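**Student:** Take this structure first; my questions come after.
The values are calculated or read from the model by the stated rules, or taken from the named source; none is laboratory data. Just so it is clear, the model here is predicted, and its values are computed rather than measured. FYI the Cβ positions are ideal-geometry reconstructions off the backbone, even for glycines, and counts take in every protein chain you see. These accessible areas exclude ligands, DNA and RNA; they are computed on the full protein's heavy atoms, side chains included. Shrake-Rupley method; radii C 1.70, N 1.55, O 1.52, S 1.80 Å.
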Amino acid sequence: MNPNDPSPETDNGNTVTFRRPRARDGKRIWEIARDSRVLDVNSPYAYVLWSQDFSETSIVAEFDGDVVGFATGYRRPAAPDTLMVWQVAVDETQRGKQIAKRMVCELFRHCAHAGVVAINTTISPDNQASQRLFAGAARALGLQLTREPFFSAELFIDSHEPEDLYLLTPGSAQ
């Protein structure tokens, strides 16, 4: 996944490419997060900074030269062989094309070259779309999927649901 050599994948004649984000993508990433109406939206600055400082562990999808999706992540400090996927979203006009799953898989493959062997993410109990996304990514990558409690609702200042930790690890895929 070299930013100068994007990875093309054709879906029904439409070419979607994947590449690392750049700082200038931060605004569009923020817009997609905001428009998702599901993600906890951070400041526009956070997405610009993330695109700059965590580009090696994040990805964007482009269609006709426009960013239409993103997945942000980082290597866990206590487990550098694990990619923590923080947020994933796809523009409403591009949903239903498995772009989110393709981004997660492409990002994992890219990070695997640097020693990443597992993916972690947190998902709230009511977010069935994300649960299906990571179950599908685990199957596609041949990883085992398990889930465990992680952040309780009491840790949040708003009415945020608890967050479960989903672990996609090497082993027998379920």
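**Student:** Which of the residues that make up the range 141-166 are open to solvent by 30 Å² or more (accessible area, probe 1.4 Å) and within 15 Å of the chain's Cα centre (by Cα)?
**Tutor:** Scanning the range 141-166 gives a single hit, 141.
**Student:** Tell me yes or no: at least one residue of the range 43-53 is at negative phi, open to solvent by less than 10 Å² (accessible area, probe 1.4 Å), assigned to a helix (DSSP H, G or I) and modelled with pLDDT of 95 or more.
**Tutor:** yes
**Student:** Here's another thing I want to ask about it. Only one of these conditions is not met by residue 58: (1) within 13 Å of the chain's Cα centre (by Cα); (2) surrounded by fewer than 17 Cβ atoms within 10 Å (Cβ to Cβ). Which number is it?
**Tutor:** (2)
**Student:** Let me ask something additional. Within the range 82-133, take every residue that is of a type in the set (Val, Ile, Thr) and open to solvent by 10 Å² or more (accessible area, probe 1.4 Å) and give me the one that is farthest from residue 58 (Cα to Cα).
**Tutor:** Filtering the range 82-133 down to residues of a type in the set (Val, Ile, Thr) leaves 82, 85, 88, 90, 93, 99, 104, 116-117, 119, 121-123.
If we keep only those that are open to solvent by 10 Å² or more (accessible area, probe 1.4 Å) as well, we get 82, 88, 90, 93, 117, 122.
Numbers: 82: 13, 88: 10, 90: 14, 93: 21, 117: 16, 122: 16 Å.
Only one residue fits best here, namely 93.
**Student:** Pick out the one residue from 123, 119 that is in contact (Cβ under 8 Å) with a residue 40 or more places away in the chain and either in contact with a Gly (Cβ under 7 Å, 6 or more places away or on another chain) or within 22 Å of residue 32 (Cα to Cα) (or both).
**Tutor:** Details: 119 fails: either in contact with a Gly (Cβ under 7 Å, 6 or more places away or on another chain) or within 22 Å of residue 32 (Cα to Cα) (or both).
After ruling out the rest, the residue left standing is 123.
**Student:** Just wondering, is there one or more residues in the range 8-18 that are open to solvent by 40 Å² or more (accessible area, probe 1.4 Å) and at pLDDT 95 or above?
**Tutor:** Among the residues of the range 8-18, not one is open to solvent by 40 Å² or more (accessible area, probe 1.4 Å) and at pLDDT 95 or above, which makes the answer no.
**Student:** Next up: Could you check residue 24 against (1) open to solvent by 70 Å² or more (accessible area, probe 1.4 Å); (2) modelled with pLDDT under 95; (3) not in a strand (DSSP E or B) and say which number it fails?
**Tutor:** (2)
Results for (1) among the aromatic types (Phe, Trp, Tyr); (2) closer than 26 Å to residue 16 by Cβ; (3) part of a loop (DSSP other than H, G, I, E, B), shown as yes or no for each residue.
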| position | (1), (2), (3) |
| --- | --- |
| 96 | no, yes, yes |
| 101 | no, yes, no |
| 104 | no, yes, no |
| 111 | no, yes, no |
| 121 | no, yes, no |
| 126 | no, no, yes |
| 130 | no, yes, no |
| 134 | yes, yes, no |
| 157 | no, no, yes |
